[in-house]
Amino acid sequence: MCAAKRNPFEQEEYGQYIDVDGINVHYYEQGIGTPIIFLHGIGQSMYTFRNNVEDFSACFHVIVPDLLGHGGTDGTDCDFLIEDYSEFLLSFMNAMNIESAHFFAFSTGAIIAMDFALAFPERVKKLILISPGGVDPSFPAAIRSMALPVVSDFRFVFFNRNMIRSALADAYFDKTLITEDVIESYYTALSNPYALDAAMTTLKNWNDTDVNENASAIKASVYIFWGECDEWHPLDNLETFEDALPNCYAATVRNGGHMVHEEKYRELNRKSIELLLTDEIS
């Protein structure tokens, strides 16, 4: 029987650390049962899942890491390629003694999850992909420009709360959700000594061509949720993923923007858990 638990993100300090191949990784875990790993997008932290963790932890063993160089996790001198994130994820799972898991992955984190499923299929149970997409022409210019050399050299001058507010303006359908707390969460996450460099290097080196071209080889069941009002990755992009993943389950969410997992979390949590539990039983 699923049992509700507290929301960890109401606490001032949450999470713990584990050494992963010499890298201090910040993560949060809650609940028991089948593991499910949450993967945030580039430039984010685990905070983005503050409205998802509680519901999922009632039925699953939830693990939410801050990705390599993001949030409270140490950086490294790697190139922050998609495969670097996949290798990091593999090492993290090994350190946590997780043989296999479901994945709930958002935006660029969803592409990382797809790459991981291609590289290590035996470690993946099911994939829930929220607003999947990479650094393409539809990605906000304010963010893509941060990878330009002239901007990169002065990144700490350009980086401020107003830049974050501007970048998030098109990410939410419901603009009232762009609160000072949300802006501060991004500012804090990117203030990690490694985070801004990690995010900008990822943007500069992003190449998801192989992932997209080989997506049909993913063996795990795939469920995709897309906000109908997503301005970062417009709804038209969903057709590309449906073509690449012909057996996937795809659903759109009304009045949801790119951050649909934050805006419509009740609907998304309920449907995702329902799909995972039904699939497990069957």
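Against the test of being hydroxyl-bearing (Ser, Thr, Tyr) and in contact with a His (Cβ under 8 Å, 6 or more places away or on another chain), the options TYR249, TYR265, TYR172 yield a single qualifying residue, TYR172. If you filter the range 238-268 down to residues that are under 16 Å from GLY133 (Cα atoms), β-branched (Val, Ile, Thr) and at pLDDT 95 or above, you find that the one that is farthest from the chain's Cα centre (by Cα) is THR252. Within the range 64-106, being among the aliphatic types (A, V, I, L, M) and within 21 Å of PRO132 (Cα to Cα) holds for VAL64, LEU67, LEU68, LEU81, ILE82, LEU89, LEU90, ALA101, ALA105. For LEU196, the criteria (1) touching a Pro at 6+ places or on another chain (Cβ under 8 Å); (2) under 20 Å from ILE164 (Cβ atoms); (3) of a type in the set (A, V, I, L, M, F, W, C) hold in every case but one, which is (1).
Looking only at residues in the range 210-230 that are over 25 Å from ALA101 (Cα atoms) and over 17 Å from the mean Cα position of the chain (by Cα), which one is surrounded by the fewest Cβ atoms within 10 Å (Cβ to Cβ)? Ranking the candidates gives GLU228 first. For the range 251-272, check the following and say yes or no: at least one residue is over 15 Å from SER107 (Cα atoms), in contact with a strand residue (DSSP E or B) (Cβ under 8 Å, 6 or more places away or on another chain), small (Gly, Ala, Ser) and not in a helix (DSSP H, G or I). Within the range 251-272, one or more residues are over 15 Å from SER107 (Cα atoms), in contact with a strand residue (DSSP E or B) (Cβ under 8 Å, 6 or more places away or on another chain), small (Gly, Ala, Ser) and not in a helix (DSSP H, G or I).
Scanning the range 87-138 for residues that are assigned to a strand (DSSP E or B) and touching a Gly at 6+ places or on another chain (Cβ under 7 Å) turns up just one, PHE106.
In the range 77-86, of all residues being touching a residue at least 24 places away in the same chain (Cβ under 8 Å) and not in a helix (DSSP H, G or I), the one that is surrounded by the fewest Cβ atoms within 10 Å (Cβ to Cβ) corresponds to ASP79.
Can you find, within the range 170-193, the residue that is modelled with the lowest pLDDT among those that are assigned to a loop (DSSP other than H, G, I, E, B) and either touching a Cys at 6+ places or on another chain (Cβ under 7 Å) or farther than 24 Å from ARG254 by Cα (or both)? Here the answer is PRO193.
Scan the range 88-100 for residues that are over 21 Å from THR73 (Cα atoms) and either under 10 Å from the mean Cα position of the chain (by Cα) or not hydroxyl-bearing (Ser, Thr, Tyr) (or both) and the total you get is 1. Report whether or not GLY33 is modelled with pLDDT of 95 or more and assigned to a loop (DSSP other than H, G, I, E, B). Spelling it out, GLY33 is indeed modelled with pLDDT of 95 or more and assigned to a loop (DSSP other than H, G, I, E, B).
Of all residues assigned to the range 54-67, at least one qualifies as being under 18 Å from GLY22 (Cβ atoms), buried (at least 22 other Cβ atoms within 10 Å of the Cβ), touching a helix residue (DSSP H, G or I) at 6+ places or on another chain (Cβ under 8 Å) and charged (D, E, K, R). The residue of the range 13-51 that is surrounded by the most Cβ atoms within 10 Å (Cβ to Cβ), among those that are out of contact with any Phe, Trp or Tyr (no Cβ under 9 Å at 6 or more places or on another chain) and on the phi < 0 side of the Ramachandran plot, is GLU29.
The values are calculated or read from the model by the stated rules, or taken from the named source; none is laboratory data. A quick note: this is a predicted structure, and the numbers were derived from the prediction, not measured. Positions of Cβ are generated from backbone atoms using ideal geometry, with glycine treated the same way; all protein chains shown enter the neighbour counts.
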